[in-house]
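The values are calculated or read from the model by the stated rules, or taken from the named source; none is laboratory data. Just so you know, these numbers come straight off a predicted model, no measurement behind them. Quick reminder, even Gly has a Cβ in these numbers, built from the backbone with ideal geometry, and neighbours come from all protein chains shown. In case anyone asks, the SASA skips ligands and DNA or RNA and just uses the protein heavy atoms, side chains included. Shrake-Rupley method; radii C 1.70, N 1.55, O 1.52, S 1.80 Å.
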Amino acid sequence: MQVIVSHINIDFDGLASIVAAKKLYPKAKMVLPDKISIPVQQFLAIYRDSFEFYVPRQIDWKLVTHVIMVDIANLERLGAFTKELPKEGIHYTVYDHHQPHETDIKADSGNVELIGATVTMLLEQIEANKIPITSFEATVMAIGLYSDTGSFTYLGTTARDMKAASYLMEQGANLAIVASYTDRPLLQEQQQILNSLLLNATEIQVQGIEILISWHRQKDYLGGLAILARKLLDVTGSHAAFIVVEMAKKVFIIGRSSTERVDVLPIISSYDGGGHSKAASASVKHGDCLEIVKQIKEALPSIVRAAVVARGMMTSAVKTIAPETTIEDAAKMMLRYGHTGFPIVKGEQLVGIISRRDLDKATHHGLGHAPVKGFMSKDLVTITPDTTLEEIQNIMIEHNVGRMPVMDNNQLVGIVSRTDVVEFLHGKDVQTNAEIDGLGNKPIVMNLMDAMNKNIDDIIYSLLRNIGEKADKLGFKAYIIGGVVRDLVIGFKNEDIDIVVEGDGIQFAQMLAEEFGGSVRSHEKFGTATWKTDEFCVANKSYCREGLKFDITTARREYYDYPAALPTVERSSLKEDLYRRDFTINAMAIQINDSEFGKLIDYFHGIKDINNKKIRVLYNLSFVEDPTRILRAVRFEQRFGFLMDGHTQELALNSLDKIPAVSEVRIANELKNLFQEQHPVEAIERLAALGVWDYIIGDGVASLEVLERVKELKGVIKIVTNKNVNNQDIHITSPYDNDKYRFWICYLASLFYDNDQWLERVQRFTLNNDDVEVLNHIQKLEAIWQDKIFMQTSLGVIHRELYQFRVEAIIFVLTLTSDYRQQAKTIIEYLQKRVAIPALLTGKKLKELGIKPGPIYSEILFEYECAYLNGEISNKDQINYWLQSCIDDR
Ligand code: CTP
């Protein structure tokens, strides 16, 4: 196990360096020390859940093999847990910017340099390796960089630190947040003005917002008033401040706001000043400072926006548990619902709250069977539906609580979590990066009727309109959902239509079959049904086609009893049905009820992710619950040219060790889908880079040699299949194509091939008899191939040797031969022709000619194939003559 650690009383550079080191060592666990400095504590009070931090007691230190120390080089300053570390066999990596000391650990790798901040050196590596970071991570790293360099004024600051800052700005670091967590010492003269401003300050309350207004007069000019306005906010904790300073015959007016609710610009603009909503300034010649203060006070109510209150941001219909629930059951429910805490309710009464950390603690002590009441927090900090966002933030910081029950007349009506707060402060980007603590978000809605009309086959489109009308009659809401919606938005054709109804899916499917014809197969347990159209539907309705298949399900919530298990099912709303899904791009629906036909419902910003080409999970446990989603993520990456966002990739890496718990059949199905698409080689490389193969195949799988072989395999498959444009059967380039040729198993065999037991190991992944046959043929063909040289031989003769072997096996064995390049041309030509032999001669024809049926039929047909391949026959007219001579020869 790898861990990233920093010093006790960790400061912002330590925290930033932990986050940065995680980018370089994605498998490592980020461990915060037991003691944390006060500013970092305040930061974590809001942002803790945005990262997957561990505390020392959650780590089994005996299992640690690699310790990455950041902002510290001395073991003793890490904390008591170092005693539990194994004495030998540990690799130590140190990144530090402090003066080296003789008691420092002798590191095996890393970097110790006297620069402004440790995070700088880590960032240089992140940049050099082109590792993506989110704007939020950039912000956290910038806070570390700014605070350890005193905003680049401390003497130890180097040009490298400034370059690192510039890089962070490019990555979207948010300076407003950086500023709110960093500090700068004041000059003495500034300090004097600050004192005067504090003395003259008045605080005015407008709709729960505290706005400070103050003034100062002096003869000589002094710069840096902006810093003073910020200081004033820091010192007083007000939400906004206006300072009016008269000096050098001018009046300077500075406005600062730390909340979205106050826009200082309108007031400043009225004095011909400029800036933006949070920071603006103006200067007035010969003005009167007290008169201006008066004017500003009068204008204040007009610049305060209505409050965001708990009611608008809470998750309602809160899942609660009883005090007697065991720790174990509570933990299962957290996994099931993807929550990070539960209120505990006795009767109607809220009696406590329990967080995931409390449960971890109890489990750690072997108390899984104990009731939660022994571990819950009883000092409840509750809020009301009208508590403002600002008050909520203050409470979170003051009490260091992560979630607050919302009480209305002693009734629990909702819950507000850290995630809700972060979402409101920073928008969706951060919200999806953090764990979604509930389902309170509002969907993006737009109409896609035109896109549907254009991209969906006419018959299916009219059928969907009719299905929508049918749903109206039943009073059900009906939607198309998942892959088809994603493809519609991207502009791909997809006739694989999944329908979800808020109502009884099976009943609905049966009604459709009654109305339109066709058959229904249902699975009561899952509330799902498949409705297939048949020839009667076509006879019945002009807008129906034979062979259409619709999967119809009841909107449901799935949960997982344990990681990598198959899901258990509960009936629920559309929103919950979408929330259980793998990625935001697959979690959109389009309503098909008549009045709402074409309405896109996008709760989790799938559209935005499609536009940004991002694969993003909906909740942090997504890969833990279903590790096959890691393979799906890579499949969608390759198919659409998208990439997992940083957080999703991190979650995927953290869940790799869950892959072995998944059955081979499920893995095989995913690999089959992956290899059947257009970019199997790139997918294999990507999976190698993520380290996925280590958990499916074992070491060495992504060696250059193996990748070379896979590339050759793809090359031959492509030539053989693409050239046969007339042959409808071979066509694997579209993701929606049939399964007839099982090239996927060849790709898998290529990966396993260097292993002594490759055949047995690949056999475990076979999905049907065709896969088994391909492997058997590979084995047999390998044994005889050695002695064959096909270069100078006619295609007919080659056919005699190879006709009984499957195309897939021949291609696979061909790519293994050492003189592959010499042989390839002939074999490829053979395969291209073999799969395209026209049926100029058939059993029927032989019968017409009066030949008695028997084994002779297949013999003659085989001879025909050889003759065709040799070019002895090329059209129907030559058949009779050839047939006569063939029969004569017998
Ligand atoms: N799904 C999921 N987790 C999985 C598999 C599927 O959440 N491990 C969800 C996704 O929302 C997906 C839907 O189930 O959109 C249907 O799955 P499937 O038909 O396998 O995928 P599609 O998204 O339709 O992709 P494809 O285009 O490859 O068929």
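So here's what we get for this one:
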{"quantity": "Conditions (1) in contact (Cβ under 8 Å) with a residue 12 or more places away in the chain; (2) more than 15 Å from the ligand (Cβ to nearest atom); (3) of a type in the set (Gly, Ala, Ser); (4) surrounded by fewer than 19 Cβ atoms within 10 Å (Cβ to Cβ): number failed by residue 715", "calculated": "(1)"}
{"quantity": "Candidates 782, 773 - the one that is in a helix (DSSP H, G or I), out of contact with any Gly (no Cβ under 7 Å at 6 or more places or on another chain) and modelled with pLDDT of 90 or more", "calculated": "773"}
{"quantity": "Residue match in segment 541-554 (condition: surrounded by fewer than 20 Cβ atoms within 10 Å (Cβ to Cβ) and in a helix (DSSP H, G or I))", "calculated": "no"}
{"quantity": "All strands (runs of 3 or more DSSP E) inside segment 47-145 with 1 or more residues being assigned by TED's automatic domain parsing to the domain that holds residue 178 and on the phi > 0 side of the Ramachandran plot", "calculated": "109-112"}
{"quantity": "Answer residue from segment 337-389, given it is in a strand (DSSP E or B) and hydroxyl-bearing (Ser, Thr, Tyr) and is farthest from residue 578 (Cα to Cα) among those", "calculated": "377"}
{"quantity": "Unmet requirement for residue 331, which otherwise passes all of (1) assigned by TED's automatic domain parsing to the domain that holds residue 360; (2) in contact with a strand residue (DSSP E or B) (Cβ under 9 Å, 6 or more places away or on another chain)", "calculated": "(2)"}
{"quantity": "Qualifying residue in segment 72-85 (condition: without any contact (Cβ under 8 Å) to a residue 40 or more places away in the chain and under 32 Å from the mean Cα position of the chain (by Cα))", "calculated": "no"}
{"quantity": "Exclusive hit being surrounded by 22 or more Cβ atoms within 10 Å (Cβ to Cβ), at pLDDT below 85, under 19 Å from residue 832 (Cα atoms) and of a type outside the set (A, V, I, L, M, F, W, C), set 721, 733", "calculated": "721"}
{"quantity": "Any chance residue 242 is under 28 Å from residue 143 (Cα atoms), open to solvent by less than 50 Å² (accessible area, probe 1.4 Å) and of a type in the set (Phe, Trp, Tyr)", "calculated": "yes"}
{"quantity": "Hey, residue 307 more than 22 Å from residue 201 (Cβ to Cβ) and assigned to a loop (DSSP other than H, G, I, E, B) or not", "calculated": "yes"}
{"quantity": "Segment 497-522 residues that are more than 15 Å from residue 546 (Cα to Cα), paired with ones that are in a loop (DSSP other than H, G, I, E, B) and aliphatic (A, V, I, L, M) (beta carbon under 6 Å, 6 or more apart)", "calculated": "500/555; 502/555"}
{"quantity": "Extreme residue, nearest to the ligand (Cβ to nearest atom), among residues of segment 474-492 that are more than 21 Å from residue 508 (Cα to Cα) and among the β-branched types (Val, Ile, Thr)", "calculated": "490"}
{"quantity": "Any chance residue 616 is within 11 Å of the ligand (Cβ to nearest atom) and under 30 Å from residue 501 (Cα atoms)", "calculated": "no"}
{"quantity": "Meets criteria (surrounded by 20 or more Cβ atoms within 10 Å (Cβ to Cβ), assigned by TED's automatic domain parsing to the domain that holds residue 501, assigned to a strand (DSSP E or B) and at pLDDT 85 or above) for residue 585", "calculated": "no"}
{"quantity": "Members of segment 802-841 found to be surrounded by fewer than 16 Cβ atoms within 10 Å (Cβ to Cβ) and in a helix (DSSP H, G or I), listed by number", "calculated": "820, 821, 822, 825"}
{"quantity": "Residue match in segment 160-177 (condition: open to solvent by 40 Å² or more (accessible area, probe 1.4 Å) and on the phi > 0 side of the Ramachandran plot)", "calculated": "no"}
{"quantity": "Number of positions in segment 862-885 that are crowded, with 16+ Cβ neighbours inside 10 Å and not in a loop (DSSP other than H, G, I, E, B)", "calculated": "10"}
{"quantity": "Where residue 696 falls short, out of the listed (1) open to solvent by 30 Å² or more (accessible area, probe 1.4 Å); (2) touching a residue at least 24 places away in the same chain (Cβ under 8 Å)", "calculated": "(1)"}
{"quantity": "Some residue of segment 332-348 being open to solvent by 20 Å² or more (accessible area, probe 1.4 Å) and under 25 Å from residue 42 (Cβ atoms)", "calculated": "yes"}
{"quantity": "Residue 634 within 19 Å of residue 673 (Cβ to Cβ), among the hydrophobic types (A, V, I, L, M, F, W, C) and either within 13 Å of the ligand (Cβ to nearest atom) or outside any loop (DSSP other than H, G, I, E, B) (or both)", "calculated": "yes"}
{"quantity": "Only listed residue being out of contact with any Lys or Arg (no Cβ under 9 Å at 6 or more places or on another chain), more than 13 Å from residue 588 (Cα to Cα) and assigned to a loop (DSSP other than H, G, I, E, B), chosen from 525, 493", "calculated": "493"}
{"quantity": "Qualifying residue in segment 515-528 (condition: within 14 Å of the ligand (Cβ to nearest atom), of a type outside the set (Val, Ile, Thr) and at pLDDT below 85)", "calculated": "yes"}
{"quantity": "Residue check for residue 664: out of contact with any strand residue (DSSP E or B) (no Cβ under 8 Å at 6 or more places or on another chain) and more than 13 Å from the ligand (Cβ to nearest atom)", "calculated": "yes"}
{"quantity": "Pairs, first more than 21 Å from residue 688 (Cα to Cα) and outside the structural domain of residue 683 (by TED's automatic domain parsing) in segment 741-766, second modelled with pLDDT of 95 or more and not in a helix (DSSP H, G or I), C-beta under 6 Å, six or more apart", "calculated": "none"}
{"quantity": "Qualifying positions in segment 496-514 - more than 16 Å from the ligand (Cβ to nearest atom) and assigned to a helix (DSSP H, G or I)", "calculated": "506, 507, 508, 509, 510, 511, 512, 513, 514"}
{"quantity": "Subset tally (residues that are in contact with a Pro (Cβ under 9 Å, 6 or more places away or on another chain), of a type outside the set (Ser, Thr, Tyr) and open to solvent by 10 Å² or more (accessible area, probe 1.4 Å)) for segment 588-604", "calculated": "1"}
{"quantity": "Count of residues meeting criterion [away from the ligand (no atom under 13 Å from the Cβ) and aromatic (Phe, Trp, Tyr)] in segment 570-602", "calculated": "1"}
{"quantity": "Failed condition for residue 598, given (1) at pLDDT 90 or above; (2) at negative phi", "calculated": "(2)"}
